[in-house]
Amino acid sequence: MSAYRLGVLLGDGIGPEVVPAAVRAVDAAMAAVGAEPVEWDELPLGAAAIGTHGSAVPDSTLEALAGLDGWLLGPHDSAAYPEPFRSRLNPSGAIRTHFDLYANIRPARAFAGGAALAPDTDLVVVRENTEGFYADRNTHAGTGEYMPTPDVAIAMGVFTRRAVERVAHAAFRLARRRRSRVTVVHKANVLPLSSGLFRRVCLEVAQQYPDVTVDEAHMDAMTVHLLRRAADFDVVVAENMFGDILSDLTGELAGSLGTAPSLNASDDRAMAQAAHGSAPDIAGRGLANPVAMVLSAAMLLDWLGTRHGDARAADAAVRVEDAVRDAVRDGISTRDLGGSASTAGFTDAVVERIAAGP
Ligand code: ATP
Ligand code: MG
């Protein structure tokens, strides 16, 4: 396997603290498994790029990303940008749309020694990332919501066979590598056409995976099931808005904002992105928890391993995840988890554990 070329998009707020932590963890893990070192390409995006390139999402950055295998995206605080940049699609949305990253994969796996509400949680929410009831958020075209009069607002959901099929396949492929269970979440009883299409297409795709057990739940009932028995779920697939809501719930059941990773993927590119925001209240003080970003980077390594049949990249992903969990179990953590380690101090502990091996 020749070296992977990965982008680094530092982001705003705590981004420049947590993204370099993820780079260090990936470098240590690739060295530990004897893989070629990653070639990193740091590219301008967000607040910093407004100053240097006159755009929060420079065309040159999009062009450079197109030539890479994947990238790490730091959090962006576009609400703090000056106009007209504030009103435009935020950097994360712009990249997700540009590269059609159709699956948002959000694992929720509780930490030993973490503050999980449901300590047995080990599931993954696979969220459709391009349409559904958030059809508009990816385009900013202003067509998905409108007001025919000042007192009436109408929002539309878009569901297409193509988009549901591809995200369903992503969910079933993932389930095969886990506990072989998929739960389809929908609201077809109330929305028989739109949510009904989502449900029907997912169940059709399920027939191509006879080895995977499939069941279904209504969105409202699913929140109750998760609170009562999150441990029973393996892979959960849902449309955009339901997936957004479910993954916040499962993230909280399994841990905290500082520990929830995610990956945005298409068939040929993937973007690692922590679930949390830019946390301006603690930025620049070494307090940020890098776990979510580091685990997101591990997901990217795992994705590269699967896509390229590269066992070493997959091993490197496991090393990173194990090292993070071991460090937290050993009582090393940042302030948000009740510890006293700095961002860099926690990262040192992770890198040491990666190098020491299992
Ligand atoms: P966004 O709109 O970008 O999602 P947000 O307003 O929802 O942002 P965050 O930036 O995620 O919020 O921060 C919410 C709270 O969680 C803040 O108090 C922040 O300090 C804390 N927080 C978020 N991420 C981390 C982290 N990695 N480490 C420690 N604390 C964090
Ligand atoms: Mg938020």
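Check off (1) within 16 Å of Leu123 (Cβ to Cβ); (2) of a type in the set (Gly, Ala, Ser); (3) surrounded by 19 or more Cβ atoms within 10 Å (Cβ to Cβ) for Ala231 and give me the number that stays unchecked. Status for Ala231: all satisfied but (3). Pairing each residue of the range 1-30 that is touching a residue at least 60 places away in the same chain (Cβ under 8 Å) and closer than 17 Å to Leu68 by Cα with any residue that is within 16 Å of ligand 1 (Cβ to nearest atom) and β-branched (Val, Ile, Thr), provided the two are 6+ apart or on different chains, yields C-beta distances under 6 Å for Leu10/Val19.
Taken over the range 59-80, the criterion of being within 16 Å of ligand 1 (Cβ to nearest atom), of a type in the set (Gly, Ala, Ser) and under 15 Å from Glu42 (Cα atoms) is satisfied by Gly74 alone.
Working only within the range 11-20, note down all residues that are crowded, with 24+ Cβ neighbours inside 10 Å and either in contact with a Leu (Cβ under 8 Å, 6 or more places away or on another chain) or not charged (D, E, K, R) (or both). Matches in the range 11-20: Gly11, Gly13, Ile14, Gly15, Val18, Val19.
Residues in the range 142-152: is at least one under 30 Å from His98 (Cβ atoms), out of contact with any strand residue (DSSP E or B) (no Cβ under 8 Å at 6 or more places or on another chain), surrounded by fewer than 15 Cβ atoms within 10 Å (Cβ to Cβ) and without any contact (Cβ under 8 Å) to a residue 60 or more places away in the chain? Yes: one or more hits. A Cβ distance below 6 Å, combined with a sequence gap of six or more or placement on separate chains, defines the contacts here; from the range 189-206, residues that are closer than 14 Å to Phe172 by Cα reach no residue that is of a type in the set (S, T, N, Q). Counting only residues that are in a helix (DSSP H, G or I) and of a type in the set (Asp, Glu), the range 158-212 holds 2 of them. Restricting to the range 325-343, give me the number of residues that are within 20 Å of Leu117 (Cβ to Cβ) and touching a helix residue (DSSP H, G or I) at 6+ places or on another chain (Cβ under 6 Å). Selection size over the range 325-343: 2. If you filter the range 310-343 down to residues that are surrounded by fewer than 16 Cβ atoms within 10 Å (Cβ to Cβ) and modelled with pLDDT of 95 or more, you find that the one that is nearest to ligand 1 (Cβ to nearest atom) is Ser340. Scanning for something away from ligand 1 (no atom under 16 Å from the Cβ), touching a His at 6+ places or on another chain (Cβ under 8 Å) and not small (Gly, Ala, Ser), does the range 20-32 turn up at least one residue? Checked against the condition, which is being away from ligand 1 (no atom under 16 Å from the Cβ), touching a His at 6+ places or on another chain (Cβ under 8 Å) and not small (Gly, Ala, Ser), the range 20-32 yields no hits at all.
Which residues, counting only those in the range 47-62, are free of Cβ contacts under 8 Å to residues at least 24 places away in the same chain and either touching a Ser or Thr at 6+ places or on another chain (Cβ under 9 Å) or of a type outside the set (D, E, K, R) (or both)? It would help to see each step written out before you state the result.
The initial filter retains those residues of the range 47-62 that are free of Cβ contacts under 8 Å to residues at least 24 places away in the same chain, namely 49, 51-54, 58-60.
Hits for the range 47-62 are Ala49, Gly51, Thr52, His53, Gly54, Pro58, Ser60.
Listed conditions (1) surrounded by 18 or more Cβ atoms within 10 Å (Cβ to Cβ); (2) within 15 Å of ligand 1 (Cβ to nearest atom); (3) over 13 Å from the mean Cα position of the chain (by Cα) are all met by Gly286, apart from (1).
Just to be sure, is Tyr146 in a strand (DSSP E or B), at pLDDT below 85 and out of contact with any Cys (no Cβ under 6 Å at 6 or more places or on another chain)? Full working, then the answer.
Numbers: in a strand (DSSP E or B): yes; at pLDDT below 85: yes; out of contact with any Cys (no Cβ under 6 Å at 6 or more places or on another chain): yes.
Considered against the rule, which asks whether it is in a strand (DSSP E or B), at pLDDT below 85 and out of contact with any Cys (no Cβ under 6 Å at 6 or more places or on another chain), Tyr146 comes out as yes.
The values are calculated or read from the model by the stated rules, or taken from the named source; none is laboratory data. Everything quoted here is computed from the prediction, not taken from an experiment. Quick reminder, even Gly has a Cβ in these numbers, built from the backbone with ideal geometry, and neighbours come from all protein chains shown.
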